[in-house]
1. Kindly provide the set of residues from segment 76-119 that are more than 30 Å from D283 (Cα to Cα) and within 17 Å of the chain's Cα centre (by Cα), ordered by number.
2. Testing Y97 on (1) of a type in the set (S, T, Y); (2) crowded, with 18+ Cβ neighbours inside 10 Å; (3) within 15 Å of D185 (Cα to Cα), one condition comes back false. Which one is that?
3. Quick one: which helices (runs of 4 or more DSSP H) lie wholly within segment 309-411 and hold at least 2 residues that are over 27 Å from K72 (Cα atoms)?
4. When you go through (1) modelled with pLDDT under 85; (2) part of a helix (DSSP H, G or I); (3) surrounded by 19 or more Cβ atoms within 10 Å (Cβ to Cβ) one by one for L167, which number turns out not to apply?
5. Give me a count of the residues in segment 289-346 that are surrounded by 13 or more Cβ atoms within 10 Å (Cβ to Cβ) and more than 30 Å from K189 (Cβ to Cβ).
Amino acid sequence: MTGKKKNRCSFCGRSEDEVAMLLTGLNGFICDECARQAEHIVRENLGSRVNPKKGNDMALDMKELPKPRDIKAFLDQYVIGQDSAKRYLSVAVYNHYKRLAQKVDDDGVEIEKSNIIMVGPTGTGKTLLARTIAKQLNVPFTIVDATIFTEAGYVGEDVESILTRLLQVADYDVAATERGIVFIDEIDKIARKQDNPSITRDVSGEGVQQGLLKLLEGSIVNVPPKGGRKHPDQDYIHVDTRNILFICGGAFDGIERKIAQRLNTHVVGYDSVQNQQKIDTKDLMKYIVPQDLKSFGLIPEIIGRLPVLTYLDQLDRDALRNILTEPKNSLVKQQQKLFQMDGIKLTFDDDALDYIVDKAVEYKLGARGLRSIMETIMIEAQYNAPSGKEKELVITRQYAEQQIAKSEKMK
């Protein structure tokens, strides 16, 4: 006597006893695991076309949009100073939201996007601003480094991989990707080597800038879902970049000299009394204009596609001092959290914090210099304290000076 014939999955061949669930169709069966795998394949290849209504579900309600002041107030909790850059960034993001919420009216007015470029010395908070604002957004957001890109056809990543990362953040939902925000860091590293067009190929400079043009302007781009050129047979996903907001940031080291030349003044030394009255030579960055970016090595076409130009101030002593203690994730609070997890209460004397600021000003590394100095001072305590019996640790100026002196001797 033969037993009852068992139903089997038409895809993998496993019987109903070997799977959690077997779905019945007209002429076959599919198990739960094959169904999940099929959904994953369809979403990866078709994105939002799987569910056309998904894009509409993300429609923005103007009443719920964070206003520019709200966005800046949120940035103030994490980033010290840089009010001008925060205002530009807050307005740009708010206008981006409004562009996504706009409806096509009979008047034919269509709001165009305004990509941003932020210029400022290293350690002033360009990347931190981008990372912080990403916490508040309800659109896909990604940060990419411009130094990894090369001109198409050469070793390195193509600029289209920017959109691959945005797709991944949006879970391969094309509609969501097309309303996202991209922060391109180190944009100054792709400047061409001289102010004139290159005679030979500049594959990691001018070539990359040329490749970025179509993304910044707005066009339909064929994006490899897995990125790179290692899968030549893969199906491309078509992404329209017209509604993607691009924010670029770079240190542009030495651009003050370009500004000084244009203003007919000098960064160091004496100048005419007339120019001294009109120009603040200690803060030339405030006078930056698109022409200076061209002199530095950005091509005119890419400058024209980054219409909003803002700058970040060099951090002074007061700002550096506040960075140590005031933000929600300040360096002092991070160190206290680390020691708190070992049951140790950590405190810093004011003199010790002032000493850390003094060293940061001396090294001229901005906020990054603060972290480097803090790690140097705390490394021995982090090594010994978890194994010790003391439940309270106070960092004094004398202790900080000893640790810095010790590290300098080792070098």
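1. Listed by number, the list holds a single entry, H96.
2. (3)
3. Passing ranges, in order: 331-340, 350-363, 366-384, 397-410.
4. (1)
5. Matching residues across segment 289-346 total 12.
The values are calculated or read from the model by the stated rules, or taken from the named source; none is laboratory data. For clarity, every value in this text was computed on a predicted model and none was experimentally measured. Because the Cβ atoms are built from the backbone with ideal geometry, glycine has one as well, and the counts that use them run over all protein chains shown.
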